[in-house]
Amino acid sequence: MIKAQITCPSPEHAVLELDGLFDRNSAHKVRRDSLKLAQKQGSRELEIDLTHARCIDTSCVAVLLEILNTVRKQGGRLKLTGIDENTARMISLSQLDEIFEDVIVAEKK
Amino acid sequence: MPPDDLIDVRGLKSFYRGRQVLFDVTFGIPRHRVTVIMGASGCGKTTLLRHLIGLKRTGPGQILVDGEDLGAFSEGLLKTYRRRIGVLFQGGALFNSMSLRENIAVPLKVHTKLADETIRIMAVMKLNMVGLSDFSEFMPSQLSGGMRKRAGLARALAMDPEILFVDEPSSGLDPITAAGLDRLLLDLRETLGMTVVVVTHELESAFKIADRIVMIDKGKVIVLGDPDAVRGCTDERVQQFLNREADTHQINIDSYYESLLDKEL
Ligand SMILES: Nc1ncnc2c1ncn2[C@@H]1O[C@H](COP(=O)(O)OP(=O)(O)OP(=O)(O)O)[C@@H](O)[C@H]1O
Ligand SMILES: [Mg+2]
(Lines give C-alpha, C1' and ligand atoms only; values in the text may rest on other atoms or scores of the structure.)
(Ligands and ions follow the chains in the order given, each with its own letter.)
Protein backbone atom coordinates (compact mmCIF):
# COMPACT_ATOMS: atom_id res chain seq x y z
CA MET A 1 0.00 0.00 0.00
CA ILE A 2 1.02 3.59 -0.46
CA LYS A 3 0.24 6.79 1.40
CA ALA A 4 0.11 10.14 -0.36
CA GLN A 5 0.36 13.40 1.53
CA ILE A 6 0.02 16.86 0.07
CA THR A 7 1.82 19.91 1.42
CA CYS A 8 2.11 23.43 0.01
CA PRO A 9 5.38 25.05 1.09
CA SER A 10 4.48 28.14 -0.94
CA PRO A 11 1.49 29.27 -3.04
CA GLU A 12 3.50 28.45 -6.16
CA HIS A 13 4.64 25.02 -5.07
CA ALA A 14 2.76 21.88 -4.07
CA VAL A 15 4.41 18.67 -2.91
CA LEU A 16 2.98 15.20 -3.08
CA GLU A 17 4.89 12.97 -0.74
CA LEU A 18 4.59 9.24 -1.38
CA ASP A 19 5.28 6.66 1.27
CA GLY A 20 5.18 2.95 0.55
CA LEU A 21 5.20 0.53 -2.34
CA PHE A 22 4.59 2.19 -5.71
CA ASP A 23 3.71 -0.78 -7.88
CA ARG A 24 0.97 -2.00 -10.19
CA ASN A 25 -1.36 -2.48 -7.22
CA SER A 26 -1.01 1.08 -5.96
CA ALA A 27 -0.22 2.93 -9.18
CA HIS A 28 -3.87 3.79 -9.89
CA LYS A 29 -4.13 5.55 -6.52
CA VAL A 30 -0.94 7.53 -7.08
CA ARG A 31 -2.20 8.40 -10.54
CA ARG A 32 -5.58 9.61 -9.28
CA ASP A 33 -4.12 11.72 -6.46
CA SER A 34 -1.35 13.24 -8.50
CA LEU A 35 -3.41 14.02 -11.60
CA LYS A 36 -5.97 15.73 -9.38
CA LEU A 37 -3.27 17.80 -7.76
CA ALA A 38 -1.67 18.55 -11.13
CA GLN A 39 -5.01 19.87 -12.42
CA LYS A 40 -5.27 22.11 -9.40
CA GLN A 41 -1.73 23.38 -9.71
CA GLY A 42 -2.20 24.39 -13.33
CA SER A 43 0.86 26.31 -14.44
CA ARG A 44 2.46 26.24 -10.99
CA GLU A 45 5.07 23.81 -9.76
CA LEU A 46 4.30 20.26 -8.70
CA GLU A 47 6.84 18.25 -6.81
CA ILE A 48 6.56 14.54 -6.25
CA ASP A 49 8.74 13.34 -3.44
CA LEU A 50 9.65 9.68 -3.80
CA THR A 51 12.14 9.53 -0.93
CA HIS A 52 9.95 7.08 0.99
CA ALA A 53 8.44 5.31 -2.02
CA ARG A 54 9.75 2.14 -3.52
CA CYS A 55 9.09 1.68 -7.25
CA ILE A 56 9.31 -1.97 -8.12
CA ASP A 57 7.76 -2.31 -11.55
CA THR A 58 7.26 -0.35 -14.74
CA SER A 59 3.77 0.84 -13.82
CA CYS A 60 5.39 3.60 -11.76
CA VAL A 61 7.36 4.83 -14.76
CA ALA A 62 4.17 4.87 -16.83
CA VAL A 63 2.29 6.86 -14.19
CA LEU A 64 5.14 9.33 -13.77
CA LEU A 65 5.05 9.87 -17.52
CA GLU A 66 1.31 10.51 -17.41
CA ILE A 67 1.79 13.06 -14.66
CA LEU A 68 4.55 14.73 -16.64
CA ASN A 69 2.33 14.93 -19.74
CA THR A 70 -0.53 16.44 -17.76
CA VAL A 71 1.67 19.03 -16.05
CA ARG A 72 3.35 20.05 -19.31
CA LYS A 73 0.03 20.37 -21.10
CA GLN A 74 -0.97 22.99 -18.54
CA GLY A 75 2.30 24.84 -18.83
CA GLY A 76 3.35 23.81 -15.34
CA ARG A 77 6.58 22.40 -14.01
CA LEU A 78 7.11 18.91 -12.57
CA LYS A 79 9.90 18.02 -10.21
CA LEU A 80 10.68 14.50 -9.02
CA THR A 81 12.75 14.29 -5.88
CA GLY A 82 14.18 11.41 -3.90
CA ILE A 83 14.28 9.00 -6.83
CA ASP A 84 16.39 5.97 -5.99
CA GLU A 85 18.90 4.34 -8.27
CA ASN A 86 16.61 1.50 -9.17
CA THR A 87 13.83 3.77 -10.35
CA ALA A 88 16.33 5.76 -12.38
CA ARG A 89 17.49 2.54 -13.99
CA MET A 90 13.92 1.58 -14.75
CA ILE A 91 13.45 4.92 -16.51
CA SER A 92 16.62 4.17 -18.44
CA LEU A 93 15.44 0.71 -19.37
CA SER A 94 12.30 2.34 -20.76
CA GLN A 95 14.53 4.76 -22.69
CA LEU A 96 12.86 7.74 -21.10
CA ASP A 97 15.98 9.35 -19.55
CA GLU A 98 15.89 12.29 -21.89
CA ILE A 99 12.25 13.00 -21.24
CA PHE A 100 12.79 12.95 -17.50
CA GLU A 101 16.19 14.65 -17.57
CA ASP A 102 15.06 18.10 -16.45
CA VAL A 103 12.43 16.69 -14.16
CA ILE A 104 14.50 14.57 -11.84
CA VAL A 105 16.16 16.54 -9.10
CA ALA A 106 18.90 14.57 -7.44
CA GLU A 107 18.55 15.95 -3.95
CA LYS A 108 15.49 16.68 -1.94
CA LYS A 109 15.44 20.34 -0.96
CA MET B 1 27.60 -16.97 -0.59
CA PRO B 2 25.99 -18.82 -3.46
CA PRO B 3 22.71 -17.28 -4.64
CA ASP B 4 19.70 -19.01 -3.16
CA ASP B 5 17.51 -21.02 -5.46
CA LEU B 6 14.03 -19.79 -6.17
CA ILE B 7 13.10 -23.04 -7.86
CA ASP B 8 14.47 -26.43 -7.00
CA VAL B 9 13.94 -29.34 -9.39
CA ARG B 10 14.46 -32.68 -7.68
CA GLY B 11 14.54 -36.03 -9.42
CA LEU B 12 11.98 -34.98 -12.03
CA LYS B 13 10.79 -37.72 -14.37
CA SER B 14 8.47 -36.98 -17.23
CA PHE B 15 6.36 -39.15 -19.48
CA TYR B 16 4.20 -38.75 -22.55
CA ARG B 17 1.75 -41.65 -22.57
CA GLY B 18 4.17 -43.90 -20.79
CA ARG B 19 7.19 -42.90 -22.87
CA GLN B 20 9.79 -41.42 -20.55
CA VAL B 21 11.43 -38.21 -21.80
CA LEU B 22 13.01 -36.79 -18.62
CA PHE B 23 15.07 -38.91 -16.25
CA ASP B 24 15.79 -37.77 -12.69
CA VAL B 25 16.38 -34.17 -13.64
CA THR B 26 17.83 -32.26 -10.68
CA PHE B 27 18.99 -28.66 -10.63
CA GLY B 28 18.29 -25.31 -9.01
CA ILE B 29 17.22 -22.01 -10.54
CA PRO B 30 18.95 -19.18 -8.67
CA ARG B 31 16.96 -16.09 -7.75
CA HIS B 32 17.71 -12.86 -9.67
CA ARG B 33 19.96 -14.74 -12.08
CA VAL B 34 19.84 -16.03 -15.64
CA THR B 35 19.65 -19.80 -16.01
CA VAL B 36 20.12 -21.26 -19.48
CA ILE B 37 18.78 -24.67 -20.43
CA MET B 38 20.66 -26.12 -23.38
CA GLY B 39 20.58 -29.32 -25.34
CA ALA B 40 19.90 -30.89 -28.71
CA SER B 41 16.51 -30.84 -30.38
CA GLY B 42 14.14 -33.27 -28.73
CA CYS B 43 16.17 -33.66 -25.53
CA GLY B 44 13.29 -32.41 -23.37
CA LYS B 45 13.84 -28.66 -22.86
CA THR B 46 10.32 -27.54 -23.68
CA THR B 47 8.91 -30.41 -21.66
CA LEU B 48 10.97 -29.27 -18.69
CA LEU B 49 9.69 -25.74 -19.17
CA ARG B 50 6.11 -26.99 -19.22
CA HIS B 51 6.71 -28.58 -15.85
CA LEU B 52 8.32 -25.44 -14.47
CA ILE B 53 5.34 -23.26 -15.35
CA GLY B 54 2.88 -25.78 -13.96
CA LEU B 55 1.37 -26.75 -17.30
CA LYS B 56 2.44 -30.35 -17.07
CA ARG B 57 1.97 -31.96 -13.70
CA THR B 58 4.97 -33.61 -12.17
CA GLY B 59 4.86 -37.34 -11.90
CA PRO B 60 7.68 -38.74 -9.82
CA GLY B 61 10.04 -36.07 -8.58
CA GLN B 62 9.37 -32.59 -7.33
CA ILE B 63 9.58 -28.96 -8.32
CA LEU B 64 9.88 -26.72 -5.29
CA VAL B 65 9.04 -23.04 -5.68
CA ASP B 66 10.22 -21.09 -2.64
CA GLY B 67 10.38 -24.47 -0.93
CA GLU B 68 6.75 -25.38 -1.76
CA ASP B 69 5.87 -28.35 -3.93
CA LEU B 70 4.44 -27.06 -7.22
CA GLY B 71 2.88 -30.43 -7.89
CA ALA B 72 0.77 -30.09 -4.75
CA PHE B 73 -0.43 -26.54 -5.48
CA SER B 74 -4.19 -26.01 -5.37
CA GLU B 75 -5.83 -24.23 -8.32
CA GLY B 76 -5.66 -21.02 -6.29
CA LEU B 77 -1.95 -21.33 -5.55
CA LEU B 78 -1.26 -22.22 -9.16
CA LYS B 79 -3.06 -19.06 -10.25
CA THR B 80 -0.99 -16.98 -7.85
CA TYR B 81 2.16 -18.64 -9.17
CA ARG B 82 1.17 -17.98 -12.79
CA ARG B 83 0.76 -14.31 -11.95
CA ARG B 84 4.38 -14.19 -10.83
CA ILE B 85 5.68 -15.63 -14.07
CA GLY B 86 5.93 -14.52 -17.68
CA VAL B 87 6.26 -17.08 -20.44
CA LEU B 88 7.37 -16.86 -24.04
CA PHE B 89 6.44 -20.10 -25.75
CA GLN B 90 8.49 -21.56 -28.56
CA GLY B 91 5.69 -20.75 -31.00
CA GLY B 92 5.14 -17.18 -29.86
CA ALA B 93 1.34 -17.31 -29.48
CA LEU B 94 -0.40 -13.94 -29.86
CA PHE B 95 -4.08 -13.18 -30.30
CA ASN B 96 -4.48 -12.70 -34.05
CA SER B 97 -7.50 -10.45 -33.82
CA MET B 98 -5.74 -7.82 -31.71
CA SER B 99 -3.02 -5.28 -32.39
CA LEU B 100 0.33 -5.81 -30.69
CA ARG B 101 -0.47 -3.13 -28.15
CA GLU B 102 -3.79 -4.75 -27.31
CA ASN B 103 -2.11 -8.15 -27.03
CA ILE B 104 0.27 -6.82 -24.43
CA ALA B 105 -2.47 -4.95 -22.60
CA VAL B 106 -4.54 -8.10 -22.04
CA PRO B 107 -2.79 -9.39 -18.89
CA LEU B 108 -2.69 -5.89 -17.41
CA LYS B 109 -6.39 -5.37 -18.08
CA VAL B 110 -7.29 -8.72 -16.57
CA HIS B 111 -5.05 -8.65 -13.50
CA THR B 112 -4.70 -5.00 -12.45
CA LYS B 113 -6.80 -1.94 -11.75
CA LEU B 114 -4.50 0.29 -13.76
CA ALA B 115 -6.08 3.04 -15.84
CA ASP B 116 -6.37 2.46 -19.58
CA GLU B 117 -3.87 5.21 -20.32
CA THR B 118 -1.32 3.72 -17.89
CA ILE B 119 -1.80 0.34 -19.55
CA ARG B 120 -1.37 1.85 -23.00
CA ILE B 121 1.91 3.47 -21.96
CA MET B 122 3.17 0.28 -20.32
CA ALA B 123 2.35 -1.74 -23.44
CA VAL B 124 4.23 0.65 -25.69
CA MET B 125 7.16 0.69 -23.25
CA LYS B 126 7.37 -3.11 -23.43
CA LEU B 127 7.18 -3.05 -27.21
CA ASN B 128 9.97 -0.52 -27.18
CA MET B 129 12.11 -2.86 -25.07
CA VAL B 130 11.95 -5.45 -27.85
CA GLY B 131 12.40 -2.85 -30.59
CA LEU B 132 8.79 -2.83 -31.81
CA SER B 133 7.35 0.45 -30.55
CA ASP B 134 6.74 1.58 -34.15
CA PHE B 135 4.51 -1.43 -34.70
CA SER B 136 2.16 -1.15 -31.75
CA GLU B 137 -0.94 -0.80 -33.94
CA PHE B 138 0.04 -3.64 -36.28
CA MET B 139 -1.77 -6.94 -36.25
CA PRO B 140 0.33 -10.11 -35.68
CA SER B 141 -0.36 -11.25 -39.25
CA GLN B 142 1.39 -8.13 -40.54
CA LEU B 143 4.68 -9.06 -38.88
CA SER B 144 7.60 -11.31 -39.68
CA GLY B 145 8.23 -14.45 -37.63
CA GLY B 146 11.06 -12.82 -35.69
CA MET B 147 8.91 -9.78 -34.95
CA ARG B 148 6.10 -11.98 -33.67
CA LYS B 149 8.59 -13.71 -31.43
CA ARG B 150 9.73 -10.40 -30.00
CA ALA B 151 6.13 -9.30 -29.56
CA GLY B 152 5.56 -12.51 -27.63
CA LEU B 153 8.44 -11.55 -25.37
CA ALA B 154 6.92 -8.11 -24.85
CA ARG B 155 3.71 -9.80 -23.80
CA ALA B 156 5.56 -12.11 -21.43
CA LEU B 157 7.00 -8.94 -19.87
CA ALA B 158 3.67 -7.13 -19.61
CA MET B 159 3.25 -7.77 -15.90
CA ASP B 160 6.92 -7.26 -14.97
CA PRO B 161 7.07 -10.89 -13.92
CA GLU B 162 9.27 -12.00 -11.08
CA ILE B 163 10.27 -15.05 -13.11
CA LEU B 164 10.56 -15.01 -16.89
CA PHE B 165 10.61 -18.24 -18.90
CA VAL B 166 11.59 -17.98 -22.54
CA ASP B 167 11.79 -20.83 -25.02
CA GLU B 168 14.19 -20.14 -27.88
CA PRO B 169 13.84 -16.35 -27.85
CA SER B 170 16.33 -15.77 -30.63
CA SER B 171 15.38 -18.49 -33.09
CA GLY B 172 14.68 -16.86 -36.42
CA LEU B 173 16.35 -13.60 -35.50
CA ASP B 174 19.31 -11.97 -37.19
CA PRO B 175 22.48 -11.80 -35.07
CA ILE B 176 22.09 -8.11 -34.24
CA THR B 177 18.50 -8.41 -33.08
CA ALA B 178 19.43 -11.57 -31.17
CA ALA B 179 22.25 -9.73 -29.40
CA GLY B 180 19.75 -7.00 -28.51
CA LEU B 181 17.53 -9.59 -26.85
CA ASP B 182 20.48 -10.95 -24.87
CA ARG B 183 21.18 -7.43 -23.66
CA LEU B 184 17.52 -7.00 -22.72
CA LEU B 185 17.47 -10.20 -20.65
CA LEU B 186 20.54 -9.00 -18.75
CA ASP B 187 18.99 -5.55 -18.24
CA LEU B 188 15.85 -7.14 -16.84
CA ARG B 189 17.92 -9.12 -14.42
CA GLU B 190 19.78 -5.98 -13.33
CA THR B 191 16.96 -3.49 -13.28
CA LEU B 192 13.96 -5.48 -12.15
CA GLY B 193 15.88 -8.25 -10.41
CA MET B 194 14.09 -10.73 -12.62
CA THR B 195 14.83 -14.43 -12.39
CA VAL B 196 15.24 -15.50 -16.01
CA VAL B 197 15.12 -19.01 -17.47
CA VAL B 198 16.11 -19.26 -21.12
CA VAL B 199 15.97 -22.29 -23.38
CA THR B 200 18.36 -21.90 -26.26
CA HIS B 201 20.52 -23.66 -28.82
CA GLU B 202 22.68 -20.62 -29.36
CA LEU B 203 26.01 -21.33 -27.70
CA GLU B 204 27.37 -17.84 -27.95
CA SER B 205 24.26 -16.30 -26.47
CA ALA B 206 24.11 -18.92 -23.72
CA PHE B 207 27.64 -18.23 -22.56
CA LYS B 208 27.11 -14.48 -22.72
CA ILE B 209 24.00 -14.33 -20.57
CA ALA B 210 24.06 -17.37 -18.31
CA ASP B 211 24.85 -17.30 -14.62
CA ARG B 212 24.06 -21.00 -14.58
CA ILE B 213 23.85 -23.50 -17.40
CA VAL B 214 21.95 -26.77 -17.37
CA MET B 215 22.79 -29.03 -20.28
CA ILE B 216 20.45 -31.86 -21.11
CA ASP B 217 21.06 -34.87 -23.28
CA LYS B 218 18.28 -37.35 -24.01
CA GLY B 219 16.32 -36.27 -20.99
CA LYS B 220 19.22 -36.32 -18.52
CA VAL B 221 21.23 -33.48 -17.04
CA ILE B 222 24.80 -33.98 -18.21
CA VAL B 223 26.34 -30.85 -16.81
CA LEU B 224 25.27 -28.12 -14.44
CA GLY B 225 27.23 -25.07 -13.41
CA ASP B 226 28.44 -21.63 -14.37
CA PRO B 227 29.74 -21.07 -17.92
CA ASP B 228 33.35 -21.74 -16.93
CA ALA B 229 32.47 -25.01 -15.28
CA VAL B 230 30.56 -26.09 -18.38
CA ARG B 231 33.37 -25.11 -20.73
CA GLY B 232 35.80 -27.06 -18.57
CA CYS B 233 33.63 -30.15 -18.39
CA THR B 234 35.35 -33.13 -19.94
CA ASP B 235 32.23 -35.17 -20.57
CA GLU B 236 32.30 -36.26 -24.19
CA ARG B 237 28.68 -35.33 -24.89
CA VAL B 238 29.19 -31.85 -23.45
CA GLN B 239 32.25 -31.25 -25.55
CA GLN B 240 30.50 -32.59 -28.61
CA PHE B 241 27.69 -30.10 -28.09
CA LEU B 242 30.07 -27.22 -27.42
CA ASN B 243 32.15 -28.02 -30.49
CA ARG B 244 29.04 -28.42 -32.61
CA GLU B 245 30.09 -31.84 -33.74
CA ALA B 246 27.50 -33.73 -35.68
CA ASP B 247 25.97 -36.58 -33.76
CA THR B 248 27.33 -39.91 -34.88
CA HIS B 249 23.72 -40.89 -34.50
CA GLN B 250 23.64 -44.39 -33.13
CA ILE B 251 20.56 -45.88 -34.67
CA ASN B 252 18.84 -48.97 -33.59
CA ILE B 253 18.97 -50.87 -36.85
CA ASP B 254 16.21 -53.29 -35.93
CA SER B 255 13.66 -50.66 -35.07
CA TYR B 256 14.72 -48.66 -38.11
CA TYR B 257 14.01 -51.56 -40.44
CA GLU B 258 10.83 -52.28 -38.63
CA SER B 259 9.56 -48.75 -39.17
CA LEU B 260 10.48 -48.94 -42.86
CA LEU B 261 8.67 -52.22 -43.32
CA ASP B 262 5.64 -51.12 -41.31
CA LYS B 263 4.72 -48.65 -44.00
CA GLU B 264 3.96 -51.50 -46.39
CA LEU B 265 1.35 -53.07 -44.18
N1 LIG C 1 2.84 -33.28 -26.65
C2 LIG C 1 3.67 -34.32 -26.76
N3 LIG C 1 3.22 -35.58 -26.84
C4 LIG C 1 4.05 -36.63 -26.93
N5 LIG C 1 5.40 -36.52 -26.92
C6 LIG C 1 5.92 -35.31 -26.84
C7 LIG C 1 5.09 -34.13 -26.76
N8 LIG C 1 5.91 -33.04 -26.68
C9 LIG C 1 7.16 -33.51 -26.72
N10 LIG C 1 7.19 -34.86 -26.81
C11 LIG C 1 8.38 -35.70 -26.85
O12 LIG C 1 9.21 -35.37 -25.76
C13 LIG C 1 10.57 -35.32 -26.15
C14 LIG C 1 11.13 -33.98 -25.77
O15 LIG C 1 10.48 -32.96 -26.50
P16 LIG C 1 10.68 -31.44 -26.20
O17 LIG C 1 9.68 -30.68 -26.97
O18 LIG C 1 10.71 -31.25 -24.74
O19 LIG C 1 12.14 -31.22 -26.80
P20 LIG C 1 13.03 -29.90 -26.94
O21 LIG C 1 14.30 -30.17 -26.23
O22 LIG C 1 12.25 -28.72 -26.54
O23 LIG C 1 13.32 -29.85 -28.51
P24 LIG C 1 13.49 -28.59 -29.51
O25 LIG C 1 14.84 -28.04 -29.27
O26 LIG C 1 13.38 -29.21 -30.86
O27 LIG C 1 12.39 -27.62 -29.22
C28 LIG C 1 10.60 -35.61 -27.63
O29 LIG C 1 10.99 -36.95 -27.78
C30 LIG C 1 9.17 -35.46 -28.10
O31 LIG C 1 8.86 -36.41 -29.05
MG1 LIG D 1 11.52 -27.08 -27.55
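Quick look at the values:
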| read-out | value |
| --- | --- |
| P(r) weight above 26 Å for region B:8-155, C-alpha pairs, percent | 39 percent |
| On Cα atoms only, tilt of B:100-111 relative to the major axis of chain B in degrees | 90 degrees |
| Hydrodynamic radius of the protein assembly as shown per Kirkwood, over alpha carbon pairs, in Å | 22.8 Å |
| Total charge dipole magnitude, region A:2-107, about the Cα centre, Cβ charges on Lys, Arg, Asp, Glu only, Debye to nearest 20 | 580 debye |
| Within region B:1-143: Cβ-based charge dipole about Cα centre, in debye rounded to nearest 20 (Lys, Arg +1; Asp, Glu -1) | 380 debye |
| Phi to ³J(HN,Hα) by Karplus 6.51 cos²θ - 1.76 cosθ + 1.60 over region A:50-67, Hz, x for Gly, Pro | 9, 3, 9, 9, 10, 8, 10, 9, 6, 4, 5, 5, 4, 5, 4, 5, 4, 4 |
| Whole-number D in µm² s⁻¹ for region B:87-160, Kirkwood Cα-pair radius fed into Stokes-Einstein, 20 °C, 1.002 mPa s | 182 µm²/s |
| Charge dipole (debye, nearest 20) of chain B; +1 at Cβ of Lys and Arg, -1 at Cβ of Asp and Glu | 740 debye |
| Delta accessible area of at least 10 Å² on complex formation, residues of region B:116-141, 1.4 Å probe, chain isolated as reference | B:GLU117, B:THR118, B:ILE121, B:MET122, B:MET125, B:ASN128, B:MET129 |
| Accessible heavy-atom area order of A:HIS52, B:HIS51, highest first, probe of 1.4 Å | A:HIS52, B:HIS51 |
| Any cysteine of the protein assembly as shown lacking a neighbouring Cys Cβ under 4.7 Å - listed by number | A:CYS8, B:CYS43, B:CYS233 |
| Positive dipole terminus of the protein assembly as shown, leading residue within B:ALA72, B:LEU260, B:VAL130 (C-beta point charges) | B:ALA72 |
| Rounded accessible area of B:ILE176 (nearest 10 Å², 1.4 Å probe) | 140 Å² |
| Spatial extent of chain A: Rg and Dmax, with the Cα atoms as the point set, Å | 12.5, 36 |
| Contact surface B-A: accessible area buried, both sides summed, square angstrom, 1.4 angstrom probe | 1700 Å² |
| Rounded Å value of the spacing that divides the Cα centres of region B:164-234 and region A:35-109 | 35 Å |
| In Hz, Karplus ³J(HN,Hα) per residue of region B:199-210 (6.51, -1.76, 1.60; θ = phi - 60°; x = Gly, Pro) | 9, 8, 9, 6, 4, 4, 4, 4, 6, 6, 9, 6 |
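The values are calculated or read from the model by the stated rules, or taken from the named source; none is laboratory data. Since we're looking at a predicted model, the values are computed, not measured. With ideal geometry, Cβ positions are generated from the backbone for all residues, glycine too; neighbour counts draw on all protein chains shown. Quick note on the areas: whole protein, heavy atoms, side chains included, nothing else; ligands and nucleic acids left out. Shrake-Rupley method; radii C 1.70, N 1.55, O 1.52, S 1.80 Å.
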